[in-house]
Amino acid sequence: MEYIPYGRQQIDDSDIQAVIKVLQSNELTQGPVVDLFEKSVAEYCQAKHATAVCNATAALHLACKALGVGPGDIVWTTPNTFVSSANCARFCGASVDFVDICPDTYNLSVSALADKLVLAKQQNKLPKVLIPVHFAGQSCDMQAIKALSTQYGFQIIEDASHAIGATYQGIPIGACTYSDITVFSFHPVKIITSGEGGMCLTNNQKLADKIRQYRTHGITRDEQHMTHSKEGDWYYQQLDLGFNYRITDIQCALGLSQMKKLDDFISQRNRLAERYHQALEAMPYKQPILRSDCYSAYHLYVIQTLPECNKTRKQIFDYLRTQSIGVNVHYIPVHLQPYYQQFGFKTGDFPVAETYYQNAITLPLYASMTTVQQDTVIAELNKALYD
Ligand SMILES: *Cc1c(COP(=O)(O)O)cnc(C)c1O
């Protein structure tokens, strides 16, 4: 039986040729292709600045550093995400708290956020930064989140690891209309890939400068930023403690080539999502709900088992895996990870995310998935109910 993964990259000859060209060139890293990839993404997203880094986890870390997150600060995110969205704050020595999700979109709930902010203000525990995650490729309600950030004075990092190519209110995700920084991931299961890779987008020159500096050890070669004039052409200064979070030209060549296909990938994903939607209507599974002001990148297609299934999520999941269907689960609520439980989080803290997790199954979805493969998944989803 052919194994159908939940997600995978789509690489063609032009991608391969682009990578070969860099391998035959003089610069494998810190060459011209990093800039080209950054420009391509910034232009596509209508953002002023883009900085490519080695992965999205590093991008989230740099975003937190640039916004001044440190010991004593509090960062909030959603429990329904990959651990990186919370870990980036811990890297900076800040503490983490979570905001429960909305039962329809599985994104951070704006009403839960508003309630939590009222309490936090009374207790003098307001967050410095909020990291909303555009789960499965659908934007959070950024306009409402931005209004709360203005009222309470926190900054916003969009974790858009799932959402390059998506739009909100007709504007590309990454434009940072309602945020300080947006982060993308280019891991192979995401929308486009550079092998490993991530990017920070912002419209703020100062933040962009800081992100660039932290990407390379806290070093600057720009005389304007130095404490005194250059001692010679060799001269650089380390102004702060940064990291080596650089990405290679090899990776950026792949990313740049993939950018040309981004719109096509997204429309394929939307077409397949619509086919799932039609086919699953007759089955007792809860389907994803889309807001009318969003165009989703459909990184993930997540269904939930309902009581009418008469089967548990685990039974259905296990059956599908035995049939070579690479279903997955996104996400185990972050506050239930042992690492976060040491800070006092426990079952029941974020009940909507926990209930969602109990029932969620991620179905295979990727741009190159054939309708034959998809029909196999659909047929097995039906069989799973009667197996
Ligand atoms: C994949 C992912 C990340 C981390 O991306 P990497 O590029 O693998 O570091 C962070 N946040 C979310 C929501 C993700 O899905």
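The values are calculated or read from the model by the stated rules, or taken from the named source; none is laboratory data. Just so it is clear, the structure is predicted and the values come from calculations on it, not from any experiment. Here the Cβ is made from the backbone with ideal geometry for all residues, glycine too, and neighbour counts use every protein chain on show. Accessible surface is based on the protein model in full, side chains and every heavy atom, while ligands, DNA and RNA are left aside. Shrake-Rupley method; radii C 1.70, N 1.55, O 1.52, S 1.80 Å.
When you restrict to C-alpha pairs under 8 Å that are six or more residues apart and normalise by the size of the chain, the relative contact order lands at 23 percent. The order of the peptides 360-366, 312-318, 136-142, 232-238 by mean Cβ neighbours within 10 Å, most packed first, is 136-142, 360-366, 312-318, 232-238. For the stretch 217-312, which GluC sites (Glu not before Pro) are both in a DSSP coil and crowded by at most 15 other Cβ atoms within 10 Å? Those that pass, being in a loop and sparsely packed, are Glu231, Glu281. Taking the Cα centroid of the stretch 136-157 and of the stretch 92-107, what is the distance between the two, rounded to the nearest whole Å? Answer, in whole Å: 12.
Within the set of other residues whose C-beta is less than 13 Å from the C-beta of Thr370, count the net charge using Lys and Arg as +1 and Asp and Glu as -1. Working shown, then result.
On the way: positive: Arg8, Arg271, Arg275; negative: Glu2, Asp375.
Once positives and negatives cancel, what remains is +1.
When the surface is traced with a 1.4 Å probe over the full set of protein chains, Val372 keeps roughly 100 Å² accessible.
Only loop residues by DSSP count here, and only those with at most 14 other Cβ atoms within 10 Å; note down the trypsin sites (Lys or Arg not before Pro) in the stretch 189-227 that meet that.
On the way: sites: Lys190, Lys206, Lys210, Arg212, Arg215, Arg221; in loops: Lys190, Arg221.
When the trypsin sites (Lys or Arg not before Pro) of the stretch 189-227 are filtered for loop state and at most 14 Cβ neighbours within 10 Å, Arg221 remain.
Comparing Leu280, Leu207, Leu23 in a Gaussian network model of the chain where C-alpha atoms under 10 Å apart are linked, the largest mean-square fluctuation is found at Leu23. Placing pseudo-labels 7 Å out from each Cα toward the beta carbon at Tyr235 and Asn124 gives an inter-label distance of 4.6 nm. With Cα atoms as the point set, the stretch 157-236 shows a radius of gyration and Dmax of 16.2, 50 Å. A simple spin-label model places pseudo-atoms 7 Å from Cα toward Cβ; at Gln278 and Gln17 they are separated by 3.5 nm. When the solvent-accessible area of the stretch 1-134 is split by element, carbon and sulfur atoms take up 52 percent of it, the probe being 1.4 Å.
Taking a Cβ cut-off of under 12 Å around Ser85, the surrounding Lys, Arg, Asp and Glu residues balance to a net charge of -1, with basic ones at +1 and acidic ones at -1.
Rounded to the nearest Hz, the phi-derived 3J(HN,Hα) couplings of the stretch 380-385 under the Karplus curve 6.51 cos²θ - 1.76 cosθ + 1.60 (θ = phi - 60°) are 6, 4, 6, 4, 4, 6, where x marks glycine and proline. I need the fraction of alpha carbon pairs in the stretch 201-285 separated by more than 22 Å, rounded to a whole percent. Every Cα pair in the stretch 201-285 considered, those over 22 Å come to 57 percent.
Solvent-accessible surface of the chain, taken per residue with a 1.4 Å probe and all protein chains present: 43 Å².
Length gained on full extension, Glu2 to Arg271: 94.6 nm, using 0.36 nm per residue less the C-alpha separation.
Legend: Rg and Dmax of the stretch 47-133, from Cα coordinates, 13.4, 40 Å. Of interest is the spacing of the C-alpha centroids, which for the stretch 22-36 and the stretch 220-253 amounts to 17 Å.
Is the shape of the chain rounded, prolate or oblate, going by the alpha carbon gyration tensor and its root eigenvalues a ≥ b ≥ c, with a/c under 1.5 for rounded and a/b larger than b/c for prolate? Oblate, because a/c is 1.5 or more while a/b does not exceed b/c.
Once you list every other residue whose beta carbon is under 10 Å from the beta carbon of Ala360, what net charge do they have if Lys and Arg are +1 and Asp and Glu are -1? Present the calculation step by step, with values, prior to reporting the outcome.
Numbers: positive: Lys286, Arg313; negative: none.
Spelling it out: positives minus negatives among the neighbours equals +2.
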